[in-house]
């Protein structure tokens with residue numbers, strides 16, 4: 001177990017009073033309640049930040065994929081424009097010299 005550290009926090013007086021009442025009802029110390037609340041807050045915020053980073057990483061990956069697809073489309077258009085492609089002869093490899101399926 002990691003050693004504990006001390007943190008001094010200023011709270012509004014109404015929050016301090018509510019914390020005191022909660023400590024009395026739950027028979028726990030104010031420090032324990034505050035530590036649990038801060039730990040829960042940090043866990044929740046870390047999850048939110050992680051989700052935001054995941055979203056940002058997803059956006060970067062999406063842009064990378066889109067760029068790749070644009071390159072494929074560009075190459076497909078170049079090839080279909082007739083440059084280095086002959087549609088009349090494109091199926092010749094399927095037939096032998098007599099015109100029969102080979």
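The values are calculated or read from the model by the stated rules, or taken from the named source; none is laboratory data. Note that the structure is a prediction, hence the values are computed from the model and not measured. For neighbour counting, all protein chains shown are included, and Cβ atoms are generated from backbone atoms with ideal geometry for every residue, glycine included.
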(request) Select from the range 1-30 the residues that are part of a helix (DSSP H, G or I) and in contact with a helix residue (DSSP H, G or I) (Cβ under 9 Å, 6 or more places away or on another chain) and write down the one among them that is surrounded by the fewest Cβ atoms within 10 Å (Cβ to Cβ). (result) 26
(request) Name every residue in the range 75-93 that is loosely packed, with under 10 Cβ neighbours inside 10 Å and modelled with pLDDT of 80 or more, in order of residue number. (result) none
